[in-house]
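Quick notes on the structure that follows.
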């Protein structure tokens, strides 16, 4: 295994399960000046002249591959270091390519031949057509041939396209030109996967046998290409895309995967209303590389890792600060104007209409599977350390959190460790951006959230949909509205000081105590350890049981109780609060609409009310 001067932290993690290497610390040779050099500070070293971990930051963060594969002196003489992982890697390719349907093969062709930045636009769902029109983005690849095409097919501006139309993300002088420019910048001069391909020389799957060995049969196929002893089947539509120069055509990392993720993450920054769906789109498009027979899971994982790091580095680069802000502003202005919405309502509009990624559960399952393709783990689940600069990826999706809070979101939503590629230097592969879009996975300490509704968008209204655990608690302030929907188990309690906190599940506020000091707490069937209200408004929606069940003591030292009646006047008594012990009373009780009078009935263990219609 080759260690670079920048890999000390990764080495320390690996040393727990690589005893032989751990016994040879002299291999590190870490100069003091380089110990803390981060990828985001060195990403511009990813150029064609640099093909080693010592000289190229991308090659370095992919050195987890060195636990699986030893590059040979020639393209076909590499050595398998982890037979279990690489056998599973090729086996997956065989299973997928032999089971694919003709429709799946044709889709893989379109994703292969279409400009990758154009393909990313599909993640915008109901906004996709508006984007294509505003950006003047076009493609000539919309269908696939039924069999092997007579020649290689490349994307081009189709005849009759509007003047100024461009391939990829669109034209820079269009209504969405700054967004297109942002996509192109992330996919710019330092984003190529070729230096890493040359560095690792792990072949394409159709050149590999089950043991990742290159075994030519000495024969050629009908197109004149060499035949290898492999059970991987390339989609017939893509047979002519295969390279005759294998030394220039390595499989790891996948260049298309890198491009798909870079384009999708750029669009996600500019249009965070579709952040999760664009991340899912990137995983989905990347999987077609395996379906096509052109890449293996390790290739795709490597492409995603490098793209995630490159996207963060490019967005964090001070040279791009003005562009990224302008691109977000331009996208928001364009889409609100075209859809007749505001910044506060654009999210709803962006999820109304035809959408290949409307099923969040299905998207989450796909992302979880494609993160590792269930390749065998070969290490323990080491603690996650968020790479420097990664927090910029959530800058527009979670604008009301500060940089350190976004880092904590990334840490608490990361993929588990144990995968050699994901556990590579700086752990870029473990970032789960799909889950991070739903904010924290755990509260390690108290989390203070201040949302300014005047800023609009997610600052005015957002939802956290993860199942949040941990010993910490939540403090909600500011004028915005935050909704928690998960099966939460955090233990540090919840305090509402201003704005609105919506508890949208029975255990949305964890198992600790709730303090309502100001603002509004909206509940319906919520359970809590304790409840203490000194101000603000408890807004309850009547249901079959108590709107708030308190396992311990509930104290009412002021504040308002508001009943959300949805226009109905229940004839039965409404159970508002149940507790082991109830002390105090609300300062006022009211219905959410005029014409109703609320009559309370307090007991030592709870509160029920009757709602009576007032007649003039």
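For the reader, a short list of remarks on this structure follows.
- Lone qualifier among 591, 528 - being surrounded by 13 or more Cβ atoms within 10 Å (Cβ to Cβ) and closer than 30 Å to residue 473 by Cα: 528
- Filter result (farther than 13 Å from residue 466 by Cβ, part of a loop (DSSP other than H, G, I, E, B) and either touching a residue at least 40 places away in the same chain (Cβ under 8 Å) or outside the structural domain of residue 462 (by TED's automatic domain parsing) (or both)) within segment 479-497: 480, 492
- Segment 537-557: number of residues that are in contact with a strand residue (DSSP E or B) (Cβ under 6 Å, 6 or more places away or on another chain) and in a loop (DSSP other than H, G, I, E, B): 4
- Count of segment 127-144 residues which are within 25 Å of residue 340 (Cα to Cα), surrounded by fewer than 22 Cβ atoms within 10 Å (Cβ to Cβ) and in contact with a helix residue (DSSP H, G or I) (Cβ under 7 Å, 6 or more places away or on another chain): 3
- A single member of 424, 417, 389 is surrounded by 23 or more Cβ atoms within 10 Å (Cβ to Cβ) and touching a helix residue (DSSP H, G or I) at 6+ places or on another chain (Cβ under 7 Å), and it is 424.
- So residue 250, is it touching a helix residue (DSSP H, G or I) at 6+ places or on another chain (Cβ under 6 Å) and either assigned to a loop (DSSP other than H, G, I, E, B) or modelled with pLDDT under 95 (or both): yes
- The set of residues from segment 570-597 being on the phi > 0 side of the Ramachandran plot and modelled with pLDDT under 85 comprises just one member, 595.
- Segment 448-473 residues that are in the same structural domain as residue 350 (by TED's automatic domain parsing) and farther than 28 Å from residue 341 by Cα, paired with ones that are at pLDDT below 95 and in a loop (DSSP other than H, G, I, E, B) (beta carbon under 8 Å, 6 or more apart): none
- Residue 429, sole failed condition from (1) in contact with a helix residue (DSSP H, G or I) (Cβ under 8 Å, 6 or more places away or on another chain); (2) modelled with pLDDT under 95: (2)
- Total residues in segment 336-361, condition free of Cβ contacts under 8 Å to residues at least 60 places away in the same chain and on the phi < 0 side of the Ramachandran plot: 7
- The listed residues are 536, 543, 567, 557, and the only one of them that is under 37 Å from the mean Cα position of the chain (by Cα) and modelled with pLDDT under 95 turns out to be 543.
- Qualifying residue in segment 93-107 (condition: surrounded by fewer than 21 Cβ atoms within 10 Å (Cβ to Cβ), in the same structural domain as residue 360 (by TED's automatic domain parsing) and outside any helix (DSSP H, G or I)): yes
- Looking only at segment 201-232, and only at residues there that are closer than 18 Å to residue 294 by Cβ and assigned to a strand (DSSP E or B), the one that is nearest to the chain's Cα centre (by Cα): 208
- Sole exception among (1) out of contact with any helix residue (DSSP H, G or I) (no Cβ under 8 Å at 6 or more places or on another chain); (2) closer than 16 Å to residue 91 by Cα for residue 233, by number: (1)
- Residue that is farthest from residue 40 (Cα to Cα) [pool: residues in segment 145-166 that are buried (at least 16 other Cβ atoms within 10 Å of the Cβ) and in contact with a helix residue (DSSP H, G or I) (Cβ under 7 Å, 6 or more places away or on another chain)]: 149
- Any hit, segment 256-272, residues being free of Cβ contacts under 8 Å to residues at least 60 places away in the same chain, assigned to a helix (DSSP H, G or I) and within 30 Å of residue 206 (Cα to Cα): yes
- Selection status of residue 169, part of a loop (DSSP other than H, G, I, E, B) and crowded, with 21+ Cβ neighbours inside 10 Å: yes
- Within segment 458-470, the residues that satisfy the criterion of being under 19 Å from residue 335 (Cα atoms) and over 19 Å from the mean Cα position of the chain (by Cα) are 459, 460, 461.
- Matching residues, segment 513-535, being over 16 Å from residue 449 (Cβ atoms) and part of a loop (DSSP other than H, G, I, E, B): 524, 525, 529, 534, 535
- The selection criterion, being free of Cβ contacts under 8 Å to residues at least 24 places away in the same chain, surrounded by fewer than 20 Cβ atoms within 10 Å (Cβ to Cβ) and not in a loop (DSSP other than H, G, I, E, B), does not hold for residue 583.
- Of the helices (runs of 4 or more DSSP H) lying entirely inside segment 299-411, the ones with 2 or more residues being under 15 Å from the mean Cα position of the chain (by Cα) and outside the structural domain of residue 456 (by TED's automatic domain parsing) are found at 360-372.
The values are calculated or read from the model by the stated rules, or taken from the named source; none is laboratory data. These numbers were taken from a predicted model, which means no experiment stands behind them. Glycine also receives a Cβ, built like all others from the backbone with ideal geometry; neighbour counts cover every protein chain displayed.
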